[in-house]
Amino acid sequence: MCSKNLFISLALILVLVPMIVSFPRHHTLTKRSSFFDIECKGVFNKSIFFRLDRICEDCYSLFREPQLHSLCKKRCFTTEYFKGCLDALQLTDEQEIIKTYVKAINGAEPIL
Ligand SMILES: *[C@@H]1O[C@H](CO)[C@@H](O)[C@H](O)[C@H]1NC(C)=O
């Protein structure tokens, strides 16, 4: 009885610990790698990256077009889709600051 419980506890620990340990690391890795996946060559700045990523998420929520999220992020937020999202989300007032953000993480002047 006692050894069975011990076995179950051990099994749980063996299953749960790797999950708990790997989850947050995996999460940041995904975010990190998506920075490279979308061909950003500038400086990785978490707050800038998430701000721009958020724009694409909001844009996706607005149109519900599954491809839009990746099109918006494509080439490090420098496509026409990203520009279109800024217009659609009425972020034209913030366009200048957003441009400097894209420039920072893209490593070059965006074609906006
Ligand atoms: C990231 O960018 C923000 C906004 O431009 C800036 O305030 C912050 O200092 C930057 N962080 C790093 C680590 O460069």
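We did not get these values from a lab; they are worked out from the coordinates using the rules stated. Just so we're clear, the structure is a prediction, and the values are computed from it rather than from any experiment. Backbone-built Cβ (ideal geometry, glycine too); neighbour counts: all protein chains shown.
Near R64, once Lys and Arg are set to +1 and Asp and Glu to -1 for all other residues with Cβ below 14 Å from its Cβ, the sum equals -3. For a test of the definition: using alpha carbon positions, the gyration tensor, and the 1.5 limit on a/c, classify segment 67-112 as rounded, prolate or oblate. It comes out oblate by the Cα gyration axes. Among residues other than Q95 with Cβ under 11 Å from its Cβ, the summed charge is -2 (Lys and Arg +1, Asp and Glu -1). The GluC sites (Glu not before Pro) of segment 33-112 meeting both criteria, a DSSP state outside H, G, I, E and B (loop) and at most 15 other C-beta atoms within 10 angstrom of the site's C-beta, are E39. Applying the Karplus relation 6.51 cos²θ - 1.76 cosθ + 1.60 with θ = phi - 60° to segment 66-74 yields 3J(HN,Hα) values of x, 6, 4, 4, 6, 5, 5, 7, 3 Hz, where x marks Gly and Pro.
Between beta-carbons, use under 11 Å as the cut-off and find the net charge around S47, counting Lys and Arg +1, Asp and Glu -1.
Details: positive: K46, R51, R54; negative: D53.
Residues close to S47 contribute a combined charge of +2.
Straight-line cross-link partners of K73 among the lysines, defined as a Cα under 30 Å from its Cα and at least 8 positions apart when in the same chain: K31, K41, K46, K83, K99, K103.
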